[in-house]
Every structure is written in C-alpha cells, then in structure tokens.
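Inspection log for the structure reproduced underneath, given as structure tokens.
The values are calculated or read from the model by the stated rules, or taken from the named source; none is laboratory data. Values in this document were obtained by computation on a predicted structure and should not be read as measured data. So basically every Cβ, Gly included, is an ideal-geometry build from the backbone, and we count neighbours across all protein chains shown.
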Amino acid sequence: MKTKVVQVIFHLLLCVTVIPGSAYNENNVQNFERKRDIAMDVTDFSVYYDVHTNETIRKMMPRPWYRPGWRLRLPFTGGPCECKSYKCTCCTGIRIEAFGFDRRTCAILKFEPEEAIINLEVKMSNKSVLVKMFSASNPPPFCVPIPVPYLPPGLVDMCIRLFDVSIVQQRLHVCMDMDTRIDMAPVLILHFDCMDMGIDGVSLSKPGGGGSNPANAATNGDTTESMEPTQVNGDVYDPVTEDPNIETTPQPMAMDSLPASPEVTYNWVDITSDFFKYIQDLKLGELLHDGHLFGLFEAMSAIEMMDPKMDAGMLCNRGNPKPLNFPQAVACGKLKIDDLEPSELIGIIDATMACIVSWLEGHSLAQTVFTNLYLHQPHSIINKTLKAYCIAVYKLLDCIRDCINKALVFEEEDFLPMGYGYRLGSNPQMGSTYDASLEVSEQKCIAMLREQEEELNKKARSFDDDINNLWLALAARIRFTRMIYQALLVITKRDCQSGADCVALLNGCSEMMKIIIKTSGKGTQPVENSDSPNPMGFEPMINQRLLPPTFPRYTRIKPRAEALQYFDELVTRLRHAWKITSCTNFHTALDFFMDFSRQRSCILSRSALQLLYLSPSPASTASSAVAAPGQPRPHHPFIEILRESIRSFVNPPALTPKSPATCTPQARELVENFLVRCVRPFAVLLQVCGHNRARQRDKLALLLDEFAALQEEAESVDALVGGGVVGGSGAGRSCFGTWLLYHVLRVMIAYLLAGLELELYSVHEYHYIFWYLYEFLYGWLVSALGRAEALSGEAARRDTKRGARKHKKRARPHAREGLMCQVLQNMCGGYYKALVAFKLQGKIRQPACAFDSEAVRYKHRFAPLAVLTPPQVHYHEFCEMTQPLKYENPVILYLGGCKHFQQARTVLETITTPDQEVTDLLKVAKTNFVVLKLLAGGHKRDSTAPPEFDFSVHRHFPIIKLV
Amino acid sequence: MSSTAMQTTEIIKDNGEIDGKSKLRKWLNMNFRIEMTDGRVLIGVFLCTDRDANVILGACSEYLKSNDGETEEPRVLGLVMVPGRHIVSIKIDETMDTSLQKFYYEE
C-alpha cells in the first residue's frame, strides 16, 4: 500500500501536496492542521503550466539525473501569507534531501501606495538573500531569480513570481508563486494566496479571481488522500520541521560551509574484488540494471567520467596547484589591492572587458568575468579606482542581464543568465553573506565613478611626460564604464531620464572607446600562451567547481584587441538601435527590426532594440495581452500603434472618427476586440525579429498559426463593419483582411527565404522554392499592396468629398515597396527558369530516386504555409502547373530567365536613393543576366558540371556561377 | 568484512555463475562510493553496470581527495558513468536497511 501511493505520486507524475511523515508527533499534528487548508499544488517536474490559466502548457522530458525514485525527495510545506497593513509575509519550508537543502524561505512584500512601489525581500532562514524594488504599475508577470547560496549555483535556484499585479484606488492586488527550479525547470511551484493591500485592511483570495478552478480542485482531491499520514512512508516524506526559534536566531552561514544538514554517516564496506568478480558473469554487452526505471536511454545520457570533453571536474585535479582565492592571493602577495601601477589597472580593466565580451558571446559568468579575483571581494580593495571599477562591473553586469532578461530574445546559445551565486544586484559581493552596509545604489555607483574620473584627470594634469598618457587612458576607461552603464540604465529602465541624454552618453562612449583602443597597448599584457587574460588578478580555474556537471570545461577569453573592437561596435549598434525611438509608424518600425536583425547584431543590442521600441518589451506585451475572461480589456499603447498602422495602410472607415461605421457601439466593440487580439501576434513578430537568425525561421512558422486564427477574426470584422459604407462598392472591400494578409505574406516570404539563408535547401530543391515565391507569394504581396493603395485612396476621396482637403494628392506610400516586390518576383522567376533549364540539361545532381520523394520534400518545405487564407499550393498543383515546362527547350528557358533578371535590373535602376540592399541586388541581377545569356548562347551546353550558387553578395539571392 | 560479504562467497560456491548477477542485482539502488584513478571520490546510487565494470551512478556527488583530512564541499554531478578502467575501489554503504532503500521497486 505504501509503495503504491508513492509510485502513483512519482510515476504518474501527479500533482501532490503537503505530506507529513511518520515521524509524527503532537507538534507536527498542529503544524499539519495549520497548513491543511492552504491552496497549494505542486506540479511535478514533467509539467510547466501557465500562471494565468493554470493549464499545462507543455510536457517536459525529465532530466535523467533527477528522475523520481533516486532518493531525491521533495517534501515541502508552505505557510499562509500573513498581512499587516501594507506588508505581507509568505513563508515556506523547502527540503530537497538529495542536495542537503532544507530552508525556511520567506518572501516579504511591502507596498508603498504613494509611489506605487513594491518592495520584495526574500529571506532564507532569516537571512536576507534578495531585496528588490518594483514599480507596481507594470502589470505583466515577472520572475525574480533568487540564487540559493548553499547549493551549486545554476543547478538549483528559486524564483518568486508576482503576477496579477494591479492597483485600484491605492489598493494593491498581487498574486505570488514561489518556484524552486532545478536546472531552470520548475520542480516545485507553490501558489500562495493573492494579496490585497490597502488602507482599508488586507485580504487574501485565491489566484484567478476567487473561484477555485477545476485543476486546483482535482489537486485538492489528491491532497486529502495522500495526506493520510499512515499511508505514507516516513522515509520518503519527512515533515519539514520548522523551528519556532528560527525567526529570532539567525544562523551564521558562510559560502564555504554546507548547511548543517543532518550529518549523513556511511558505513563503507569494500566490495572491489567481489564486484569485479561478479561482473564476469555478465555477457559481453549485457547491462545489469533495474528494468523498469533505468534503461539504455538513461545510460546513454550519463556523463562519462574521465572524459576530457564531458568531465569538467577533471581539470581541477590535473596536478595544477589549487587556484588561490581572493584572501589567499592577497596574503601571499600575488594580488595587489593597493599601490597599483596605472599600467596594471589598465591591464585589469581591459582584461575584464574582454571577459564581459566573452560572457556576452554566450559563455558563463563563472568562467569569464568572475575569473577576476578582484570581483570576488570588491569591498576589500583599497585602491579606490579599482574598487569603484569592480563595483561598477557588478552593476553593469546586473543591468545587462536585466536588459536581456526583459527582452527575452535569447536562446541558450546566445546568453547564459545564471549568476553562480554572485550577487549582481545592489549589493555587489560573492556568496551568501549579506551585509546591508555594502549596498550600492545606482546613483552611488555613478558618483563613485565620477569621483574617480576627476581624480584621475587631476593626476593626468600633474604629469606631462609619457606617463601622462596612462592616467588619461585610465580616466577614459572609467568614464566609458560610467557612460555605458548610465546609457544601459536608461535603455533598460526607460522611465528615469530623458532620451537626448542617452544619445549623448552613447556618443561619449564612442569617443572614449577610440582612446581606449589607442591605448590598449599601455596596460599589462597577458603572458604568452597563458590562459589568464592578465598577469595579475585572474584565475581561470577558480570557479571550476561551481559549474554544473556537464559544462564546456574551458572557456577561452576573447583576445583583448577583438574584445575592445566588439565594445566599440556594440556602442555603434546601440546608437543605431536608438533610432527606433523615432519610428512612429509600425511598418517602418518592423522594417527597422528586420533590417537590424539582418546585420546579425549581438544579443545586447538586439535586446536593447526590443526595450527601446515597446516598454517594457514586446515579450511582456505579448504575454500580458491575453486577459483572463471577464477581466477588463488590457489597455496597451501597442494597440494604438497597431490602430495607427491599419489607418495609414488601408484607412478603413471603421477607424475614421466620423464615419458611419463607427456609430454603432457594436461595431466599435468588434474593432476594438480585433485590435486586442492583434497585440499578441504582432508583439511576438517583433520579438521574433529580435532572435538570432537561425532561430527565427522556426518561430515564424509557429507565428503563422496565430495569424491564421487572426485572419478569421479579421474576415468577420470586415464582413460586419466594412460592408455598410457609403457607395455601393462595399463587397470587395476588406480593410482589416488586407492589412493582415500583407503581414502574413511577409512572414511567409521571410520563412521561405530564411531557408536559403540558413542553407537548409539542397540545390535540387531550389526550383520549387523559387517557383512558389515567384508564382504566388510575391505576386500576392504586390496585389495586397495595390489593394491597400486603392482602399486608402478611396478613403481619401471620401474625405475630400466631405470638404476636408487635407492632402490633395498623397504620394503613393507603398510605391517603393511595390517596386521591390516586383524586383524580387522577377529575380525568383529568373532563378526558377534557370533551374528548370539546368535540370533539363542534367546539370543538377538529383538524389537517387529510390531514396527520394519530391512530394514528401515539397510538403515538408511548405507545411507551415498550410493553415492560412492565401491557400497553400499543393504538390499536385505544382506538378500540373509546371508540367509544360518539362518539354520546353532549355534555351528558351534561359532566355526567359534572362528577361526576368533584365526586368529586375531595369526596375532597380529606377529606384532613387539606392541603399545597400538595392546595390547588392543590382549586382546579382546584372551578373545572372550575363550568365544566363551565355547559357542561352550554348556556352558549356554539354557540360554536366553543376552550376554553383554563390550567396556571398546577397544572403537570399545567389549569383549563378558556371564551373 | 561484514556478514553479507561472507554470505556472497558462499552463494558463489553453491550456485556458480548466475549468482554473481543476482548479487549485483541486490546492490542496485544502494549507495556506492567509487574512487577513481585520479583520486576523486564519487558517491551515488548504483544503477547499472556491465561486463567491463562500467558503472552508472545516479544522484552522484564528487568529492575531492583531501590530503589534510578536511572534508570539502561536494560537487553535484547527477547521472554519471564511470569507466571500469578508471575504478580504483568500490565501497558499498551498509548503514541503510536494504528494504527501506529499495521500496520503490517492490510490488
């Protein structure tokens, strides 16, 4: 019976709740009774769920190393929130035996109604581990990762999630979840009651607006059953003992000592010889294992010890002397904390910058920036310049991480947000000790740097020979650090300072970067063939034991010169990203995003762009767009942006204020609802543009699904609103549909082209890709643009009829875009015809027919396009339509292709103010024109050597080369 | 040497080869302490082995060999495979009652 209960819990991965153990006494009964009614469900590791709907959003494969049953125990208990006026305290005890983790964790929320600020403090066993301030006026859910100091950093962390935050008449409503995450996957999710804080008392309610939903009810059902204490084996679920004294007697804790978990005593018996004897009974290749929990799959996912690629711990052990930590290095004189030469300071700063760049390129903090020993105890440094710099680095890292986390456009290959137990926030230091007196605010940090700047400039003035340069060079570095920090603060926080400020700061950064690059040779240089980026202050192996089990064992720090170059370019990119703030129109903004992405920008500038366009970010806009039914419609500035976009694109009567179509409240409601529905997909579209190029394609495919749903809605809006306007030509008018179709087509084209850029297609597939683009997508896009122009023109006439002579003859707004579409359509046509001709002449290697099915490949390539209003063209249609060409003379095809490129070229040459894109395309079109002409003339007719497609000039449209 | 070790030798004598396997099976899901050739010590749950003594340990922690007796903070590794050729010694934890440890697998 016992085992069955346990098995049900673990194997079926059910939601379970507080379970007391068999070590059951009076005291525990009381504890238990007190906690019985707490609505709290724990979702097992296989499940993520949506905080709004409480629905499971996707199943996750449990990582094999914390599979249930391996003595990994997850008993837990949570307390109710206690609220007094503007302060609520929610506590929980968490014990994970396998990691020796047993702590009482409290989250204390304080609300300051005057400033609409929430103060969040997290205490573990009465030690403060996190203090953070939030604006209560931003409603999206956010997650504050809390490092768990006594655990391997990065492996286990906690996350307080505040959601449903709203203020109504100085009353704050907030709901809280506390997640314990292992390897970033929530293992435990505790729901606390929602809190309402305000002048007239406090109250608690269940998440989701009162009523307990079915999911919760089911959990509670399970709860009561498993709560029967006698049914549960005490060894599995120990009650979390909460020492009543624990609140009053804080226990001292240090980084280098494990929590005082009950001492495990082993009684080791040597079985080496027996073991080696017994295994000989196994057959070759036979695995001895426990059949139903462990199999070959799990065996394969184990990390192999003593394999240099997998075993990160091996390196710590290879005869190297143990790396010295900060106090040891200071004690033995290897680390100067005072009387540093300016050249040494420059060396340390430049090396740190190289580390930051390495971090931004996707390496872990532990192996990059925090190999700098000075950062381990910045407050112990005596040299003021270095101290100020080190503290500023902490703040800068925090700001960068904040920016990237907010934008949410990174994947694991872009960026590692883990902090490895280094406290990045307001209290720069390492480890679990928390000293409030070491708190450094943003302003204080900036002031410290300013002070150093002046000091250094003063020193620079007093010398006037060669050494003078060094002080100046040092001052430039400090100044750069201050300005980039301030600029990033503006970008990340958005509300604190004026915009012009940021531009000035970034310009200043650029200037300082020039000096820094020029003087990079003045600092101490890394020793040749050494792993350390600077002779003093860096220990590449210092954090090796903090790393998770499978980790790239060694990170090479970016060479200094390249890193400084990177910083220089980063500043340029940020300056460029700032220009988004002047993009008022959504279409121009979207083009800007796509253009920015094309330049393959770094993660920080991509994130900054996201934050600069929408506050707080497109990602949070998207996630907050889905309102729970019954709640008032979320109001977001993005809705206005979209409204304006539709207005300028098609100018539908429904959006003109005095139009009869807006008269009925019903129609207005319909349009508003549609706009609200648009928020998510379009915000996601912006977010997708921020991801790295390789990830965009899949995300675009997913987005098409959402657009499909939206198209249906657009149709019904058009049918009801668009029809009954002045004039009888209402039948063919579908303003919202056209606007949406335009975006859908652009996404589809981007999806197909991304395959070319990422080199996913083989040459023998090119023909139908280009065919699809040429015959359909670009053609549709041209007609969508034409329709939009007609619609908005009609609206303009409508206006002028009424006597409002605003713009007599509007320039055709989409003229240039229409031309570009024609160009690209022609280019695709050219490629298509050329490819068919190549095929007919046997110049393209075809896959052996036994292993090939063109139909399957075709279906696969165009699968995401299947769901939408521009109907997908199926393979059989493709075959029918292209049938005649199979009997065409290749020469005629080459000439046809030639004509297309010629046409593209002519159109391109009419474009005034050509940009890089136009010049590149022109080059491609011209070259291909000549090549096809040659081919038509019979050049290399009999050669079966495959032509080459060279994407070096343009990422999507190759130059055809004959070899 | 504990009584279990004594018993095993007897079983071997009685039943020959098969019981090597059954004895190994008894050790499954028990705590192992494996010392490797480079001096590190791994403690984890014995999950799997094969003829070459490649051992898989679950929920494994790595301990550095301490020369001066101080116990150092372990590093959590999770699921690891120790190649047989790198095993210096294997020890088993006899403190826990086997029935308690293995209750998951009983019907």
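Points worth noting:
- Residue check for residue A:882: in contact (Cβ under 8 Å) with a residue 12 or more places away in the chain, surrounded by 15 or more Cβ atoms within 10 Å (Cβ to Cβ) and in the same structural domain as residue A:838 (by the TED database): yes
- Within segment A:870-924, being touching a Phe, Trp or Tyr at 6+ places or on another chain (Cβ under 9 Å) and among the β-branched types (Val, Ile, Thr) holds for A:873, A:882, A:924.
- Residue count for segment B:64-82 satisfying the condition of being at pLDDT 90 or above and more than 8 Å from chain A (Cβ to nearest Cβ): 0.
- Residues of segment A:586-610 satisfying the condition of being more than 13 Å from the chain's Cα centre (by Cα), assigned to a loop (DSSP other than H, G, I, E, B) and either crowded, with 18+ Cβ neighbours inside 10 Å or at positive phi (or both): A:600, A:601
- Residue match in segment A:834-846 (condition: assigned by the TED database to the domain that holds residue A:901 and without any contact (Cβ under 8 Å) to a residue 40 or more places away in the chain): no
- Which listed residue is in contact with a helix residue (DSSP H, G or I) (Cβ under 6 Å, 6 or more places away or on another chain) and modelled with pLDDT under 90, from A:846, A:825: A:846
- Residue that is surrounded by the fewest Cβ atoms within 10 Å (Cβ to Cβ) [pool: residues in segment A:282-300 that are of a type in the set (A, V, I, L, M, F, W, C) and at the interface with chain B (Cβ under 8 Å from one of its Cβ atoms)]: A:284
Residue-wise test of (1) closer than 19 Å to residue A:350 by Cβ; (2) away from chain B (no Cβ under 14 Å); (3) more than 22 Å from the chain's Cα centre (by Cα).
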| site | (1), (2), (3) |
| --- | --- |
| A:522 | yes, yes, yes |
| A:525 | yes, yes, yes |
| A:528 | yes, yes, yes |
| A:535 | yes, yes, yes |
| A:539 | yes, yes, yes |
| A:546 | no, no, yes |
| A:562 | yes, yes, yes |
| A:576 | no, yes, no |
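- For segment A:374-395, the criterion of being more than 20 Å from residue A:603 (Cα to Cα), out of contact with any helix residue (DSSP H, G or I) (no Cβ under 8 Å at 6 or more places or on another chain) and not hydroxyl-bearing (Ser, Thr, Tyr) is met by at least one residue.
- Filter result for residue A:303 (at the interface with another protein chain (Cβ under 7 Å from one of its Cβ atoms), modelled with pLDDT of 85 or more and within 25 Å of residue B:94 (Cα to Cα)): no
- In this structure, residue A:335 does satisfy being within 23 Å of residue A:524 (Cα to Cα) and over 18 Å from the mean Cα position of the chain (by Cα).
- Between A:873, A:836, A:856, the distinction of being aliphatic (A, V, I, L, M) and in a loop (DSSP other than H, G, I, E, B) belongs to A:873 only.
- Taking residues in segment A:779-794 that are modelled with pLDDT of 90 or more, and partners anywhere that are of a type in the set (S, T, N, Q) and in a helix (DSSP H, G or I), the pairs with Cβ atoms closer than 8 Å and at least 6 places apart or on different chains are A:779/A:825; A:782/A:822; A:782/A:825; A:784/A:738.
- Only one entry in A:929, A:901, A:957, A:951 is surrounded by 14 or more Cβ atoms within 10 Å (Cβ to Cβ), touching a Gly at 6+ places or on another chain (Cβ under 7 Å) and either aromatic (Phe, Trp, Tyr) or over 21 Å from residue A:770 (Cα atoms) (or both), namely A:901.
- Residues of segment A:508-530 that are among the basic types (Lys, Arg) and surrounded by fewer than 16 Cβ atoms within 10 Å (Cβ to Cβ): A:514, A:518.
- Selected residue (only one of A:381, A:400 is crowded, with 19+ Cβ neighbours inside 10 Å, of a type outside the set (Asp, Glu) and over 21 Å from residue A:420 (Cα atoms)): A:381
- Within segment A:590-599, being touching a residue at least 40 places away in the same chain (Cβ under 8 Å) and closer than 14 Å to residue A:645 by Cβ holds for A:590, A:593.
- Against the criterion of being at positive phi, modelled with pLDDT under 90 and touching a strand residue (DSSP E or B) at 6+ places or on another chain (Cβ under 6 Å), residue A:421 qualifies.
- Taking (1) in contact (Cβ under 8 Å) with a residue 12 or more places away in the chain; (2) not in a helix (DSSP H, G or I) in turn, residue A:952 satisfies each apart from (1).
Here is a yes/no grid of residues against (1) modelled with pLDDT of 85 or more; (2) under 26 Å from residue A:312 (Cα atoms):
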| position | (1), (2) |
| --- | --- |
| B:6 | no, no |
| B:23 | yes, no |
| B:62 | yes, yes |
| B:84 | yes, yes |
